[in-house]
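Here is the structure we will look at.
The values are calculated or read from the model by the stated rules, or taken from the named source; none is laboratory data. Source: prediction; values computed, not measured. Cβ: placed from backbone, ideal geometry, glycine included. Neighbour counts: every protein chain shown. These area figures cover heavy atoms from the full protein model, side chains too; ligands, DNA and RNA do not enter into them. Shrake-Rupley method; radii C 1.70, N 1.55, O 1.52, S 1.80 Å.
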Amino acid sequence: MIRLAEQFLLFNLQLTYPADGPDCIEGAKRIIDNKCLELQPMIRIPVKAFRSHPSSGRSRAGKEEGTVAELKTPLTDWHVAHGAKMAPFAGWLMPIQYEGILVEHQHTRQHAGLFDICHMGEFRIRGAGADAALAAAVHFGLMALLPVFGTQPLSAYDLYHSTNDMKQTTAHLGLMPAFRLDVHRLLFGFEGGEIELATETKAPTEAPTEPALPDATEPTVLPEPVVDTSPNVLELDFDAVPTEGNDVLSELNAYFSSRTPTNKNEKTGMFKGCNLILITAESFSYLAIDPELTPTLYKLQTEGFNFTNFYTPYWDVSTSDGEYAALTGTIPKPGTWSFRDSAENAMPLTMAQQLKRLGYSAYAYHDHTYTYYDRNLSHPNLGYVYRALGNGLDVEATWPESDIEMIDKTTADYMGSEPFHAYYMTVSGHLEYNFNGNAMAKKNQDLVKDLPYSGSVRAYLACQIELDRALELLLQRLDEAGVAENTVIALTGDHYPYGLTDEEQSELAGHEIDTRFERYRNAFILYKKGMKPERVDSLCCTLDILPTLSNLFGLDFDSRLYMGRDVFSDAEPFVLLRDHSWITENAMYYAPSDELIMLQGDELTPEEVEERNQDVSNRFRASAWVLDQDYWRYLFGDNLPPDGEN
């Protein structure tokens, strides 16, 4: 054992007692006798210098002739004197209990407990540099063992060498190694491992062959309209990216050029030329949609595209990362503020940049502080004229602020000139959910007072009523401006309402929710006045919003560059979550416990599961590298600035 001198041992460390250190033994006895330790989240015990001996002071207990004697520890006599029930354990006479399990359990919770481990084996390392030698032997020995347990995504080896995921690293390697890795990566940067491409990739779908013209001698029969199913790709010159000395850029080129694009379909161009209002709603949940309580949300859901199998993953930086995923179509990088970090990057895939190139105006609004989450940097970089509290948006500074006020004070900016694109980040749905400190809950308290829910759930619904009435005002303004039938409204949440406990969310759902997957179920609202309502059962998530809108608006875009897919394409539905779990039509995979849940079809083989896991890992890594390398600038050039700026 390494010598300890006037150090502190964490309470949950197991102590050994030296045979030649009676003061230390007596100190341990006093700790137990006097109950001198009070319960704390982390308790430290000062201990004088000591070292343990593996054999000295240990003797065999006397036994009757013909029986095998057990070894005694230095504390055996103390155990017996205090009424311990002794029993043999691995050749040693050890205490089983004193007064009883329940009494001792409560004593340990309220005070402290010590465990006699004098019977356990020990190594003694002496000599100059012994501490460093031991540390090196343990560290490099363990590192050498990591590949033995697998190198697949989210294995201990992968988390140490390739994947930056604090939560998973802590679970697999422990808190201190995870903390050390996090600090090292923060100080020195971290690119991670390589993107592992599949051995075979699908070639882009060929454009459909033009139908042959009918013979002039035959009666003319009008052919059925041919749906263009060519791939949504651009002529990108990946070879023109200067990759010399930058392996990451080379890997990104190989990754994106090898991905299978999604194809155009019957919905391509459905909203071509329309205005677009895109909304990220604070803590919005499909559980708040009700025909009587929130009739506008209900109208938008049932009279537009009704996505019944939509998921809103929760990311590290909650609201900001929720915005980032919806507006960029890429995965937020763990461990940082991705939107803030993108503030000087080229962001050509966003709706603002794509629509501005077609002559649209672009405005963004938020009814809380202008600089919150550094949106004053990130959102103008997307090309928006950005206004929020403290910078051009004059709403009353309550907490939270009113979405109704935000709509009331902003629609005149853009509705007078088409085509337009407006983006809103709401705040009325923000926690805490109570009627004392939440201005929106207090404002709408009477509307929920008779609902059969707990106070927190009623307060949450009261906040969502503010959003609903803001949308009601928005529809009214669109009608008054005569642009309602030419304006698409797309709305999603930033994250699930984590201001409610699991029990309160279950209360709202009417059953106990599954916190692994169901917690992230949500609604995606996509509506245009006068459209034919349509139910969409296809599995989809926040990452699918941008490629889906790009296809519906008939934009020229490259579907290989998004981490999601166009929901109306024939690409396989796929949802991934922050913890690397994933969902397909046939199976759900819960990464933290490596649990596969089959929904239908044949059981997936371990190789198929690993292939899926590698795909998820690739998407996370590629998204992080795109952000770190400002990769889109190499392919598309600079952003278009907000209107009125050079």
Inset, instruction - Considering only residues that are in contact with a Lys or Arg (Cβ under 7 Å, 6 or more places away or on another chain) and not in a helix (DSSP H, G or I), look in the stretch 504-562 and name the one that is surrounded by the most Cβ atoms within 10 Å (Cβ to Cβ). - result: Phe553
Inset, instruction - Using the structure shown, decide if Leu300 is more than 21 Å from Asp537 (Cα to Cα) and hydrophobic (A, V, I, L, M, F, W, C). - result: no
Inset, instruction - Please identify the pairs in which a residue from the stretch 288-301 that is under 12 Å from Ile465 (Cα atoms) has its Cβ atom under 7 Å from the Cβ atom of a residue that is in a loop (DSSP other than H, G, I, E, B) and open to solvent by 10 Å² or more (accessible area, probe 1.4 Å), counting only partners at least 6 apart or on another chain. - result: Leu297/Ile289; Tyr298/Ile289; Tyr298/Asp290; Tyr298/Pro291
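So if I check each of Lys442, Lys449, which one is open to solvent by 40 Å² or more (accessible area, probe 1.4 Å) and not in a loop (DSSP other than H, G, I, E, B)?
On the way: Lys449 fails: not in a loop (DSSP other than H, G, I, E, B).
From the options Lys442, Lys449, the qualifying one is Lys442.
On the given criteria, is Ala207 modelled with pLDDT under 75 and either of a type in the set (Asp, Glu) or farther than 30 Å from Arg578 by Cα (or both)? Steps first, answer last, please.
On the way: modelled with pLDDT under 75: yes; either of a type in the set (Asp, Glu) or farther than 30 Å from Arg578 by Cα (or both): yes.
It is true that Ala207 is modelled with pLDDT under 75 and either of a type in the set (Asp, Glu) or farther than 30 Å from Arg578 by Cα (or both).
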Legend entry - Cβ pairs under 8 Å, 6+ apart, first in the stretch 228-241 and closer than 11 Å to Leu635 by Cβ, second in a loop (DSSP other than H, G, I, E, B) and open to solvent by 70 Å² or more (accessible area, probe 1.4 Å): Leu234/Asp556
Inset, instruction - Take the residues in the stretch 225-252 that are farther than 22 Å from Met563 by Cβ and among the aliphatic types (A, V, I, L, M), then tell me which one is surrounded by the most Cβ atoms within 10 Å (Cβ to Cβ). - result: Val227
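Any residue in the stretch 478-499 that is modelled with pLDDT of 95 or more, farther than 21 Å from Gln301 by Cβ and within 22 Å of the chain's Cα centre (by Cα)?
Taking the stretch 478-499 and keeping what is modelled with pLDDT of 95 or more, we get 478-499.
Of the ones still in play, those that are also farther than 21 Å from Gln301 by Cβ are 480-483, 498-499.
Those left that are additionally within 22 Å of the chain's Cα centre (by Cα): 498-499.
Taking every residue of the stretch 478-499 in turn, at least one turns out to be modelled with pLDDT of 95 or more, farther than 21 Å from Gln301 by Cβ and within 22 Å of the chain's Cα centre (by Cα).
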Inset, instruction - Would you confirm whether any residue within the stretch 620-643 is farther than 25 Å from Ala352 by Cα, of a type in the set (Val, Ile, Thr) and either out of contact with any Pro (no Cβ under 6 Å at 6 or more places or on another chain) or open to solvent by less than 10 Å² (accessible area, probe 1.4 Å) (or both)? - result: no
Legend entry - Which listed residue, of Glu218, Glu194, is under 29 Å from Ala571 (Cα atoms), at pLDDT below 90 and open to solvent by 80 Å² or more (accessible area, probe 1.4 Å): Glu194
Legend entry - Leading residue by the ranking (surrounded by the fewest Cβ atoms within 10 Å (Cβ to Cβ)) among those in the stretch 394-423 that are of a type in the set (A, V, I, L, M) and in a loop (DSSP other than H, G, I, E, B): Ala397
Legend entry - Test set (1) in contact (Cβ under 8 Å) with a residue 24 or more places away in the chain; (2) open to solvent by less than 80 Å² (accessible area, probe 1.4 Å); (3) part of a helix (DSSP H, G or I) - Arg109 fails condition number: (2)
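For the stretch 563-571, state whether one or more residues are closer than 20 Å to Arg516 by Cβ and among the aromatic types (Phe, Trp, Tyr).
no
Of these, Ser593, Ser550, which one is among the hydroxyl-bearing types (Ser, Thr, Tyr) and modelled with pLDDT under 95?
Values: Ser550 fails: modelled with pLDDT under 95.
Testing whether each residue is among the hydroxyl-bearing types (Ser, Thr, Tyr) and modelled with pLDDT under 95 leaves just Ser593.
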Legend entry - Qualifying positions in the stretch 438-456 - under 28 Å from the mean Cα position of the chain (by Cα) and either basic (Lys, Arg) or within 23 Å of Leu389 (Cα to Cα) (or both): Asn438, Met440, Ala441
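Determine, yes or no, whether Leu478 is in a helix (DSSP H, G or I), out of contact with any strand residue (DSSP E or B) (no Cβ under 6 Å at 6 or more places or on another chain) and touching a residue at least 40 places away in the same chain (Cβ under 8 Å). Please lay out each step first, then the result.
Details: in a helix (DSSP H, G or I): yes; out of contact with any strand residue (DSSP E or B) (no Cβ under 6 Å at 6 or more places or on another chain): no; touching a residue at least 40 places away in the same chain (Cβ under 8 Å): yes.
No, not satisfied.
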Legend entry - Test for Phe271: is it farther than 27 Å from Gly510 by Cα, among the aromatic types (Phe, Trp, Tyr) and either open to solvent by 40 Å² or more (accessible area, probe 1.4 Å) or at pLDDT 95 or above (or both): yes
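For the stretch 528-548, name all the residues that are under 22 Å from Leu471 (Cα atoms), within 23 Å of the chain's Cα centre (by Cα) and not polar (S, T, N, Q). Give the derivation first.
From the stretch 528-548, those under 22 Å from Leu471 (Cα atoms) are 528-535, 542, 545-546; that's our starting set.
Narrowing the set further to residues that are within 23 Å of the chain's Cα centre (by Cα) leaves 542, 545-546.
Result: Ile545, Leu546.
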Legend entry - First in the stretch 242-270 and under 19 Å from Tyr631 (Cα atoms), second anywhere and modelled with pLDDT of 95 or more and surrounded by fewer than 14 Cβ atoms within 10 Å (Cβ to Cβ), Cβ under 8 Å, 6 or more apart: none
Legend entry - Failed condition for Asn618, given (1) under 24 Å from Thr515 (Cβ atoms); (2) touching a helix residue (DSSP H, G or I) at 6+ places or on another chain (Cβ under 8 Å): (1)
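So for the stretch 373-380 (the condition being of a type in the set (Ser, Thr, Tyr), more than 20 Å from Ile489 (Cα to Cα) and either in contact with a Leu (Cβ under 7 Å, 6 or more places away or on another chain) or not in a helix (DSSP H, G or I) (or both)), does at least one residue qualify? Don't jump to the end; show me each part of the working.
Quick first cut of the stretch 373-380, residues of a type in the set (Ser, Thr, Tyr) only: 373, 378.
Right, trim to more than 20 Å from Ile489 (Cα to Cα) and you get 373, 378.
The next check asks that each one be either in contact with a Leu (Cβ under 7 Å, 6 or more places away or on another chain) or not in a helix (DSSP H, G or I) (or both); those that pass are none.
Within the stretch 373-380, not a single residue is of a type in the set (Ser, Thr, Tyr), more than 20 Å from Ile489 (Cα to Cα) and either in contact with a Leu (Cβ under 7 Å, 6 or more places away or on another chain) or not in a helix (DSSP H, G or I) (or both).
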Legend entry - Single unsatisfied condition, Ile465 versus (1) open to solvent by less than 10 Å² (accessible area, probe 1.4 Å); (2) at pLDDT below 95: (2)
Inset, instruction - Kindly indicate whether Ala352 is buried (at least 24 other Cβ atoms within 10 Å of the Cβ), of a type in the set (Gly, Ala, Ser) and under 27 Å from Tyr634 (Cβ atoms). - result: yes
Legend entry - Checking Met166 against (1) within 20 Å of the chain's Cα centre (by Cα); (2) of a type in the set (A, V, I, L, M); (3) closer than 30 Å to Met94 by Cβ, the condition it does not meet: (3)
Inset, instruction - Specify which of the listed residues (Leu173, Leu93, Leu146, Leu159) is touching an Asp or Glu at 6+ places or on another chain (Cβ under 7 Å), within 25 Å of Ala622 (Cα to Cα) and open to solvent by less than 60 Å² (accessible area, probe 1.4 Å). - result: Leu159
Legend entry - Number of the condition not met by Gly359 [criteria: (1) within 25 Å of Phe188 (Cα to Cα); (2) open to solvent by 20 Å² or more (accessible area, probe 1.4 Å)]: (1)
Legend entry - Looking only at the stretch 74-97, and only at residues there that are modelled with pLDDT of 85 or more and β-branched (Val, Ile, Thr), the one that is nearest to the chain's Cα centre (by Cα): Thr76
